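Working notes for the structure below.
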Amino acid sequence: CKRALVAMATASAPGQMQCCECGTLIDPNPTALCLPCLRNRVDITEGLQRQCVLSVCPKCARILQPPNHWVTAEPESKELLALCLKRIRGLNKVRLVDAGFVWTEPHSRRLRVRVTVQAEVLNGAIAEQTCEIEFTLQSHQCDHCNRSAARDYWRALVQLRQHSPHPKTLLYLEQLVLKHQAHRDCTGVKRCGANGLDFFFAQRQDAKRLADFLAAHSPSRCQTSETLVSHDTHSNVFNYKYTFCIEVAPICKDDVVCLPPPVARKLSSVGQFCVVYRVTDRLHLVDPRTCRTAEVTGKQFWQAPFQALQAKLSDFTVTNCEPIEHQQHQQQHAAAGGGGSRFLSADVWLLTDADLSSDEVHCRSHLGRLLSCGDTARGLDLRRANLNHAELDRLVDSKVPDVVLVKKVYASSRRSQRRWRLRRLEEADVDVDDDDSGGQGGAAYQEFLDDLEEDKELRRGVNIYKERLAAAAASAAVSAGDDGAPEIGLDEMLDELNLDADDAAME
């Protein structure tokens, strides 16, 4: 009866055959076995390693790719899957058809990979089978983080310096470094007073990359040196420490400069007395008498360097301001590329805040669009300043202006009303905001914050973060100033989501 049933099934399904072990009807194959019987007889995954170990750095989360290469791979990414497949022994003896991750708990320190392989078995038949490989994540600190943990270890050093009483250009470069993450490979950062920063690196090429970045964003010059640390006479291997010294031009925003005659002749559109209204990769100058602008690149500056007039600025009260809007002057100003609508020449009469009973002082200023009667302006009083400047001493008194105005002064109460803040570079030995409490460093930092509020172009290179909710609510409760002080809009601020926990200690 059984034979009859098998014969009937065979007759109803032509082209099929019976498994030689269990008698199940199957499609013809060289082994004459069904899939379950073939798996019981042959296991093509027998040579695959089922337990593997991955070394993961607990600090930077990079994974070791033997022998000594560390790679970055996101969880369940293609890069991580490729790295896991390379670690499976015996996988090269079979054909990989498919692979994927099996979900595991993130804190389990385990990864599971399901692989599907094919291999040739009995009589040339192709068998396919699926199995799971388990990977154990083992903590192992990479060489980079190991050297970073040793705080005194470094192979290359970048010294950033600006010799100026108020190094606002240095503060601007610090914000550029933070925005572009140009210091991500450094092993440490140290502040050298208010005029310098030191960046330590484990590799020379990383330090060279930062030095090139700073040179491209500032009017600076770079000097390099190397120091021999050790020498292997047998293999002729030398071990050096490299130093890159970046010296930024000692000219900052709102400085008054007296250009040497050769430099002034090259910049034919301006006179010798100019005001620096912006510092980027070059110096942006404006002639306060004609509102004509000029640019001095870093290469031009270091070929013929000049100094700012180092004197304390004075505050003046504006008694009258008459803009000059002659058509001829405007045409000359536009032809010279004079900053568009940013500047406007004006005749300004001033009184010194320290002595309001003194005589009025007349000057020509480029701040005609900002100043009005009753405002406070800050400038350099050349009548009372005791300056030691070679170019100024060569000029006759008739060519030296009495006062050179630099900027309009707004109410100091706006500093307590700010709803934003900046990030600072992390340091190992010194609190980054120690210089904010007072001294020259603190005054320069507050002036830099004022410059960000007043200059929209300057803010493009800086990441500005919203202040915390408590400080913002307290700030909103304070009434705004009555002098029309500029403010930074919320659309220009970034959320304070990625700030470190140590920022809470700064409040």
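Do we find a residue being basic (Lys, Arg), at pLDDT 90 or above and surrounded by fewer than 20 Cβ atoms within 10 Å (Cβ to Cβ) anywhere in the range 286-306? Looking through the range 286-306, at least one residue is basic (Lys, Arg), at pLDDT 90 or above and surrounded by fewer than 20 Cβ atoms within 10 Å (Cβ to Cβ). Looking only at the range 83-103, which residues are within 22 Å of His69 (Cβ to Cβ), open to solvent by less than 70 Å² (accessible area, probe 1.4 Å) and not in a strand (DSSP E or B)? Passing the criteria: Leu83, Cys84, Leu85, Ile88, Leu91. Against the numbered list (1) surrounded by fewer than 14 Cβ atoms within 10 Å (Cβ to Cβ); (2) not assigned by the TED database to the domain that holds Thr224, Gly193 comes up short only at (2).
Quick one: would you say Ser345 is at pLDDT 90 or above, open to solvent by less than 20 Å² (accessible area, probe 1.4 Å) and under 24 Å from Asp450 (Cα atoms)? So Ser345 fits the description; yes. Please verify whether the range 42-61 includes one or more residues that are modelled with pLDDT of 90 or more and hydroxyl-bearing (Ser, Thr, Tyr). Yes - at least one qualifying residue is present in the range 42-61. Scan the range 60-82 for residues that are among the basic types (Lys, Arg) and surrounded by 14 or more Cβ atoms within 10 Å (Cβ to Cβ) and report the count. Of the residues in the range 60-82, 1 are among the basic types (Lys, Arg) and surrounded by 14 or more Cβ atoms within 10 Å (Cβ to Cβ). Among the residues of the range 241-256, those that are open to solvent by less than 60 Å² (accessible area, probe 1.4 Å) and either farther than 24 Å from Gln310 by Cα or of a type in the set (Gly, Ala, Ser) (or both) comprise Tyr242, Thr243, Phe244, Cys245, Ala249. Among all positions in the range 467-474, there is no residue which is touching a helix residue (DSSP H, G or I) at 6+ places or on another chain (Cβ under 6 Å) and either at pLDDT below 80 or within 23 Å of Thr280 (Cα to Cα) (or both). Taken over the range 381-413, the residue count meeting the criterion of being touching a Pro at 6+ places or on another chain (Cβ under 9 Å) and either assigned to a loop (DSSP other than H, G, I, E, B) or buried (at least 16 other Cβ atoms within 10 Å of the Cβ) (or both) is 7. Please indicate, with yes or no, whether at least one residue in the range 138-149 is over 30 Å from Val53 (Cα atoms), outside any helix (DSSP H, G or I) and open to solvent by 50 Å² or more (accessible area, probe 1.4 Å). Within the range 138-149 (the criterion being over 30 Å from Val53 (Cα atoms), outside any helix (DSSP H, G or I) and open to solvent by 50 Å² or more (accessible area, probe 1.4 Å)), the answer is no, since none of the residues qualifies.
When residues of the range 201-240 are filtered for being hydroxyl-bearing (Ser, Thr, Tyr), surrounded by 11 or more Cβ atoms within 10 Å (Cβ to Cβ) and touching a Phe, Trp or Tyr at 6+ places or on another chain (Cβ under 9 Å), how many remain?
4
Those helices (runs of 4 or more DSSP H) of the range 198-316 in which at least 2 residues are free of Cβ contacts under 8 Å to residues at least 40 places away in the same chain and outside the structural domain of Leu380 (by the TED database), considering only elements entirely within it, cover 204-216.
Is it true that Val102 is within 26 Å of Asn29 (Cβ to Cβ) and of a type outside the set (S, T, N, Q)? Answer is no for this residue.
The values are calculated or read from the model by the stated rules, or taken from the named source; none is laboratory data. Quantities reported herein were computed from a predicted structural model and do not represent experimental measurements. Reconstructed Cβ throughout: ideal geometry from the backbone, glycine too, with neighbour counts over all protein chains shown. These accessible areas exclude ligands, DNA and RNA; they are computed on the full protein's heavy atoms, side chains included. Shrake-Rupley method; radii C 1.70, N 1.55, O 1.52, S 1.80 Å.
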